[in-house]
Each structure stands twice: as C-alpha cells, then as structure tokens.
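Below you'll find the structure, written out as structure tokens, and then a few comments.
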Amino acid sequence: MQNLQFPGSDRQLLVRLVSALAVTSSLLTGFPVITVAQGIPGLTLFGGVKSENQLPFRLDFGGQANSWERFRLRIPAKKMNLAAAKFVVSYPDYYEGSFDPNKVEVKVKGQKVPLDEVKWNKEARRIEIFPQKPVAAGGEVELVLSDVKTPSFGGMYYFNCQILSPGDLPLERYVGTWVLSIS
C-alpha cells in the first residue's frame, strides 16, 4: 500500500474540503424532517378500531396540544353508500377541546356545500351538521372543522361519524371512526 503524499498547499486544501464536508453533513442531519404523519392511521396492537372502519383525516397544523387546529375529517366515496341529510361527529368524554360551529364546512368532491345549521352539543359530545340539501351517495366528503382548540394534554381520540339518510326512518348509521392523535 502506498502512502499518499500531498504538498503543503494541497494538504491544506484537502483538510479544508473534508472539514467543510463534515460540517455540512452534520448541519443537514440536524434539520427536522417535516412529515404528514397525522393523515395516516397508526398501528394498533391490541383493540382499537378495525382497519376497515378507520376513516382518513388530516390535522393541518400538526396536532399539537393546547393550540389552534383545523381538522379535515374525510369520508371516502366507498363509505358514502347512502345520501346524507345530516352528519354527526361524536367524540369521547375525555376530549377537552372546543369547536366553533360557525367555522364548520362540508365539501363534496372539493366543492363547498351550503349548510343549513351546525349544532355543537357539549353535554352529548356531538357536532351535528345539516346541509341545505342532502349530500348524494357515492361522493368523497370532507368535514372541515376550523378554529378547533385542542386539549391541554395530548392523547388518542376516537371521533365517530354517523349519517342520517333522508327518508322515513330517522336512524343514524355508523360510517366509521377517525383516530386522531394529539401530541
């Protein structure tokens, strides 16, 4: 094996190059990587919601505890088997956040749907959303809850979705569950 020998100026150049490379690589690995982990359901080892009942969602501002957030609660087209005259979002009693009924939207295939009324029943832990006209079956729906105040402490929260179909029987039908994680 031969020893590589560099004249003085070449050796200094090599040392500077290696130093610059080391500093640059340490700086790059130190930057946080931004991910969209809130839109993907996590792994549940024991219990929990069956995967076929989990609904997709997105928390626009990272799902931090004790902060303002926007929930984008999605219902895939394949889950919209029936038309919906009312959407009901229920949440657990240990969720201590708050909602603004005036900042709720419903979007179907990306288009905003006019709403008749939005009721937030704090005692029953339900948000009832009444579109002006029933939302047709077979379209992707997004319930957008803006200006949500998240709880002071993080946790995992199961938000359930039910719909009331127009017609004779006033029965709310279970559509699925959003498993939200607030950190």
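The values are calculated or read from the model by the stated rules, or taken from the named source; none is laboratory data. Because the structure is predicted, anything quoted here is derived from the model rather than measured. Neighbour counts run over all protein chains shown; Cβ positions are idealised from the backbone, glycine included. The protein model used for the area step is the full one, side chains on, heavy atoms only, and it has no ligands, DNA or RNA in it. Shrake-Rupley method; radii C 1.70, N 1.55, O 1.52, S 1.80 Å.
Here is how the numbers come out for the structure above:
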{"quantity": "Ranked packing of 53-59, 153-159, most packed first, by mean Cβ within 10 Å", "calculated": "53-59, 153-159"}
{"quantity": "Average accessible area per residue (Å²) across the stretch 54-183 - probe 1.4 Å, nucleic acids and ligands excluded", "calculated": "51"}
{"quantity": "For the stretch 102-118, Karplus couplings with θ = phi - 60° (6.51, -1.76, 1.60), whole Hz, Gly/Pro x", "calculated": "7, 10, 10, 10, 10, 10, 10, 6, x, 9, 5, 9, x, 10, 7, 6, 10"}
{"quantity": "Listed pairs Lys86/Lys112; Lys50/Lys78; Lys109/Lys149; Lys103/Lys133; Lys78/Lys107 exceeding 21 Å between Cα atoms", "calculated": "Lys109/Lys149"}
{"quantity": "Ordering of 80-91, 110-121 by burial proxy (mean other Cβ atoms within 10 Å per residue, highest first)", "calculated": "80-91, 110-121"}
{"quantity": "Inter-part distance where the stretch 146-183 and the stretch 70-132 are each reduced to a Cα centre, Å", "calculated": "8"}
